[in-house]
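Step one of this worksheet: look at the structure below.
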Amino acid sequence: MTCKEIILLKKIKEAITCYSYNDNAKNEFNGRVFFPFNPNISFMANNFKTINNYFYELNNIIFKYKYLSNDLNRYKYDLILEKSRVFYEQGMYKKAYKCSLKSSDIIGKHGMMFKCLYKLGKKKKL
């Protein structure tokens, strides 16, 4: 592993363990218990966005490797389609389309191609 990969994993761990997901958001102060006015997880929205950005960064590192072990390929049903999905979510529709052409999953491949062509404005090809 490179230093960049190790630091990214540490950042992911830090972001995940930042909040307690089992907590009911109560706060004790001088023997009194306080609850938030709006008791939902909206205060964690920025944290989820950060974790999502780390996820994309980690995927970009994974996709640079040409050869992956068979264990990972079996775990991730179709890594090429996953790569295409990540490109699509990042707004790189041409890259996502080209990547989806190489996928072996016919149903996922055609679905991704349809979405990419639609976003690229090529509705006549559909």
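So here's what we get for this one:
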item	result
Label-point separation in nm, residue 41 to residue 56, each point 7 Å along Cα→Cβ	2.1
³J(HN,Hα), Karplus 6.51/-1.76/1.60, whole Hz, each residue of segment 50-65, x for Gly, Pro	4, 4, 5, 5, 5, 4, 5, 5, 5, 4, 4, 5, 4, 6, 6, 6
Pairwise FRET efficiency - residue 122 versus residue 64, Cβ, R0 = 30 Å, nearest 0.05	0.55
Sites matching trypsin sites (Lys or Arg not before Pro) across segment 87-126 that sit in DSSP coil, with at most 13 neighbouring C-beta atoms within 10 Å	102, 122, 123, 124, 125
Under 22 Å from residue 98, Cα to Cα: lysines that are on another chain or at least 8 residues apart	64, 66, 76, 83, 109, 115, 119, 122, 123, 124, 125
Extended-chain gain in nm, criterion 0.36 nm per residue less alpha-carbon gap, residue 2 and residue 102	33.1 nm
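Since every read-out is calculated from the coordinates, none of them should be taken as a lab result. The structure displayed is predicted, hence computed values, not measured ones. When we count neighbours, we look across all protein chains shown, and the Cβ atoms used for this are built from the backbone with ideal geometry, even at glycine.
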